[in-house]
1. If Gly156 passes every condition in (1) open to solvent by 60 Å² or more (accessible area, probe 1.4 Å); (2) at positive phi but one, which one does it miss?
2. Would you please name the residue that is farthest from the ligand (Cβ to nearest atom), looking only at residues in the stretch 305-329 that are open to solvent by 20 Å² or more (accessible area, probe 1.4 Å) and in contact with an Asp or Glu (Cβ under 9 Å, 6 or more places away or on another chain)?
3. Which of the residues that make up the stretch 156-213 are closer than 25 Å to Leu56 by Cα, among the charged types (D, E, K, R) and either out of contact with any strand residue (DSSP E or B) (no Cβ under 6 Å at 6 or more places or on another chain) or part of a loop (DSSP other than H, G, I, E, B) (or both)?
4. Just to be sure I understand the filter: pairs with C-beta atoms under 9 Å, separated by 6 or more residues or on different chains, first member in the stretch 336-350 and more than 19 Å from Thr308 (Cα to Cα), second member of a type in the set (Lys, Arg). Which pairs pass?
5. Given the conditions (1) charged (D, E, K, R); (2) near the ligand (Cβ under 8 Å from one of its atoms); (3) touching a strand residue (DSSP E or B) at 6+ places or on another chain (Cβ under 6 Å), report the number of the one that Glu252 does not fulfil.
6. Just one of Asp182, Asp152, Asp168 is among the acidic types (Asp, Glu) and away from the ligand (no atom under 16 Å from the Cβ); which is it?
7. Take the residues in the stretch 1-21 that are within 16 Å of the ligand (Cβ to nearest atom) and touching a helix residue (DSSP H, G or I) at 6+ places or on another chain (Cβ under 7 Å); name whichever of them is most open to solvent (accessible area, probe 1.4 Å).
8. Would you point out which residue out of Leu106, Leu119 is in the same structural domain as Thr8 (by TED's automatic domain parsing) and open to solvent by less than 20 Å² (accessible area, probe 1.4 Å)?
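The values are calculated or read from the model by the stated rules, or taken from the named source; none is laboratory data. Worth saying up front: this structure is predicted, and the values here are computed from it rather than measured. With ideal geometry, Cβ positions are generated from the backbone for all residues, glycine too; neighbour counts draw on all protein chains shown. Remember, those area values only see protein heavy atoms, side chains included, never the ligands or the DNA or RNA. Shrake-Rupley method; radii C 1.70, N 1.55, O 1.52, S 1.80 Å.
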Amino acid sequence: MGITIIGTGRYVPGVPVTNDQLSKVMETSDEWIYPRTGIRQRHFVEEGEGVSDLALKACQKAIADAGIEPEDIDFIVFATMTPEFIFPGSGGLLGAKLGIPRVPALDIRQQCAAMPYGLQVANGLVVSGAAKTVLLVGADAHAGFMPWEDWDVLSGESDREVSEEAFDRGTRHRGLAVLFGDGAAAMVLRDAGEGKGFLGADLHTDGRLYDRIYIASGGFRSRPYFTPEMYEREEHIPRMQGRDLFKVAVTELSRSVRTICEDCGVTLDDVDWFIAHQANDRINGAVAKALKLPPEKVPSNIAKYGNTSAATIGILLDELRRDGKVKEGDLCCFLALGSGLNWGASLVQL
Ligand code: ACO
């Protein structure tokens, strides 16, 4: 007994923004971004659009794919690091938009590591009898923390030059800003029956490393919790120690994948797919190399979307299922590291 994935869906907003377009609002280039990250383009939400709006579109596809009705869902697990409001969380907003307003909704805060965690939480809900059909959603809208204001220049609507001050601000945060894009993905999860489904997870959180990627302001240590001075200091934009994160990700993700396979009594060869968080192609390449995995078992789509945080794994899984690559019976390992730091790997036999 354990959950399996009976439906998936994905949604990304608007038209893509290329690396060349980013170079209008900061000092950067495709020549810098692509070889270091694998990213060619990303999508951004419209002003006024939130993660529950993105999630709604992904969920409608996942629900249709599963062949169920929204009313069949009896638990929502919503993963995001960019909710509409500081409180309440976005899961309840999604439930209301789906027309199932009284269904319990749990928001989880594992950032980019959401899916290995979310699968274990959903499995626990089903195995304990608390739920039969769980909607697991990952959605993020990073546009609100991007270091530019000239969205019209970025999109090509306007060909005016941005101010020197704005260009410099973009450049100060370019190491972070070029990585992220917006999107949503959903999975419908149900009991798999004997011999299939969720096998286990190896999960970790190390709060000592919180400052490797975090938003320094807008929290309740401060009175009020956000001030004009915080904005002046550009503390609404995440701070990131990219090189450090890179090293921790390669080391810990390799270790987690080995551990969960050993714990579950499967070999790395038994695993059909290593569906990894899309933060940087070079991170996943280094994990594959450390574990001697064939590159074709570690698929990538970061070129099209950038890092969509909680959504990357679900978007990639949905693409692979709809392309007929990932099939029923396949053994999938989901691995991710995110702010917290949280990380881990989970194994599911589809
Ligand atoms: N365009 C042009 N130049 C840039 C850019 C850019 N976008 N960003 C940085 N540079 C410059 C730097 O200023 C620096 O210049 P200098 O040598 O003159 O000082 C140079 O390029 C090298 O910068 P580094 O930051 O050292 O570059 P690095 O090779 O480490 O690559 C990167 C940076 C891509 C961010 C990498 O470290 C990485 O991917 N780390 C992991 C990040 C990650 O996974 N983040 C998500 C975490 S998950 C979550 O929960 C949100």
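1. Against the list (1) open to solvent by 60 Å² or more (accessible area, probe 1.4 Å); (2) at positive phi, Gly156 comes up short only on (1).
2. Gly329
3. Correct list: Asp182, Asp191.
4. Listed pairs, sorted by first residue: Val348/Lys196; Gln349/Lys196; Leu350/Lys196; Leu350/Arg321; Leu350/Lys327.
5. Every listed condition holds for Glu252 apart from (2).
6. On the way: Asp182 fails: away from the ligand (no atom under 16 Å from the Cβ); Asp168 fails: away from the ligand (no atom under 16 Å from the Cβ).
So the residue among Asp182, Asp152, Asp168 that is among the acidic types (Asp, Glu) and away from the ligand (no atom under 16 Å from the Cβ) is Asp152.
7. First pass over the stretch 1-21, keeping only residues within 16 Å of the ligand (Cβ to nearest atom): 17-21.
Going one step further and asking which of them are touching a helix residue (DSSP H, G or I) at 6+ places or on another chain (Cβ under 7 Å), we end up with 17, 19-21.
Values: Val17: 14, Asn19: 1, Asp20: 96, Gln21: 36 Å².
My answer is Asp20.
8. Values: Leu106 fails: open to solvent by less than 20 Å² (accessible area, probe 1.4 Å).
It is Leu119.
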